[in-house]
Amino acid sequence: MQSSDLYTFKEWFSEYTRTFYTDNAGDRRNIDLKVRHTSFVCENIIGIAKEEHLSGNNLMIAETAALFHDLGRFLQYSRYKTFRDSISVNHGRLGAEILDKENILRHLPLHERQLIMNTVRFHNAFEIPLFEDQQNVLFLKLIRDADKLDIWRVFAEYYQSPEDEQASAVGLGLPDLPDYSKTVLSCLYEKKLATLSGLKTLNDFKLMQLSWAYDLNFRHSFRLMAERAYIQKIAATLPQTEEIAGAIALIEKFVTGKQE
Ligand SMILES: [Fe+2]
């Protein structure tokens, strides 16, 4: 890949996303949210990849994958007015389909094309699929960390902003009730990822997001997570119960340990 390819991809991406802006303020906020998210994920992936000593071509592949990872979000939102895959479409798969249909990566060598397509397609899978090609695994680990780090930012901002300024599709339409489910909380105690399917309230969603700490891959990601105080920011918006506080303390300890 040449740096001119990356430049062309960025131009294409801003042209493409521009077509999704409408006169509706709510829709604009949701589209804007994903455009901004994309640029922060690009920033995150470059930071993590450099710490992992990626350079040249590999660094550009990582950035391209980040640029396109949520490509499917725009069409998903314009068709279904939601970011909830379970009631609409798998946005990773949709993004890969768009890349394919628009033939955006046509000038790249086949192997690079495959790496980028697979990274986009599986960035949102519950776990990384089995790949013989370890480079596939590497780029998926990178995107998944870079993506999570920025989703935490989006959430921390979402909860802090007044309701009329919130991008409505962020909370996935889950009710903002004081309850939370024990099954989601128990994932935090068991140090495993909570699944989207069992979520009933916005608090469950927050707990699930905290469980992502157990799925981070790189030391630099743990550092960024701690530096930006995402755990504390999200924790501050949860019910202040003893069992939640215990789970938070456990995550904090885990994240601290992973930075050494
Ligand atoms: Fe995504």
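In this entry, VAL41 is excluded by the filter for residues that are open to solvent by 10 Å² or more (accessible area, probe 1.4 Å) and within 16 Å of the ligand (Cβ to nearest atom).
Does ILE98 satisfy being hydrophobic (A, V, I, L, M, F, W, C), in contact (Cβ under 8 Å) with a residue 12 or more places away in the chain and either buried (at least 17 other Cβ atoms within 10 Å of the Cβ) or farther than 14 Å from ALA62 by Cα (or both)? Judged against the criteria, ILE98 is a match.
The single condition among (1) closer than 19 Å to LEU149 by Cα; (2) in contact with a helix residue (DSSP H, G or I) (Cβ under 6 Å, 6 or more places away or on another chain) that GLU52 does not satisfy is (2). Is the range 248-256 home to any residue that is open to solvent by less than 20 Å² (accessible area, probe 1.4 Å) and under 24 Å from ILE128 (Cβ atoms)? Yes, that holds for at least one residue. Of the residues screened, GLY47 is not one that is surrounded by fewer than 24 Cβ atoms within 10 Å (Cβ to Cβ), at positive phi and away from the ligand (no atom under 16 Å from the Cβ). Restricting attention to the range 10-31, does a residue exist that is of a type in the set (Lys, Arg), at negative phi, at pLDDT 95 or above and not in a helix (DSSP H, G or I)? Checking the range 10-31: not a single residue is of a type in the set (Lys, Arg), at negative phi, at pLDDT 95 or above and not in a helix (DSSP H, G or I).
Within the range 55-85, restricting attention to residues that are away from the ligand (no atom under 15 Å from the Cβ) and closer than 17 Å to LEU149 by Cβ, the residue that is most open to solvent (accessible area, probe 1.4 Å) is GLU63. Taking residues in the range 178-190 that are surrounded by 15 or more Cβ atoms within 10 Å (Cβ to Cβ), and partners anywhere that are in a loop (DSSP other than H, G, I, E, B) and among the basic types (Lys, Arg), the pairs with Cβ atoms closer than 8 Å and at least 6 places apart or on different chains are SER181/LYS200. Checked across the range 126-135, the condition of being within 16 Å of the ligand (Cβ to nearest atom), open to solvent by 20 Å² or more (accessible area, probe 1.4 Å) and either in a helix (DSSP H, G or I) or at pLDDT 95 or above (or both) holds for no residue.
Considering only residues that are in a loop (DSSP other than H, G, I, E, B) and farther than 19 Å from GLN160 by Cβ, look in the range 216-247 and name the one that is most open to solvent (accessible area, probe 1.4 Å).
Top of the filtered list is ASN217.
Tell me yes or no: at least one residue of the range 106-123 is over 13 Å from ILE143 (Cβ atoms), surrounded by 17 or more Cβ atoms within 10 Å (Cβ to Cβ) and among the aromatic types (Phe, Trp, Tyr). Checking the range 106-123: not a single residue is over 13 Å from ILE143 (Cβ atoms), surrounded by 17 or more Cβ atoms within 10 Å (Cβ to Cβ) and among the aromatic types (Phe, Trp, Tyr).
Across the range 86-114, the number of residues qualifying as away from the ligand (no atom under 16 Å from the Cβ) and either part of a helix (DSSP H, G or I) or closer than 22 Å to GLU127 by Cα (or both) comes to 8.
Checking each residue of the range 146-160 against the condition of being within 16 Å of the ligand (Cβ to nearest atom) and in contact with a Pro (Cβ under 7 Å, 6 or more places away or on another chain) gives no match.
The values are calculated or read from the model by the stated rules, or taken from the named source; none is laboratory data. On a predicted model such as this, the values are computed, not experimentally measured, just so you know. Glycine gets a Cβ as well: all are built from the backbone with ideal geometry, and neighbour counts include every protein chain shown. Side chains are part of the model used for accessible areas, which takes the heavy atoms of the whole protein and leaves out ligands, DNA and RNA. Shrake-Rupley method; radii C 1.70, N 1.55, O 1.52, S 1.80 Å.
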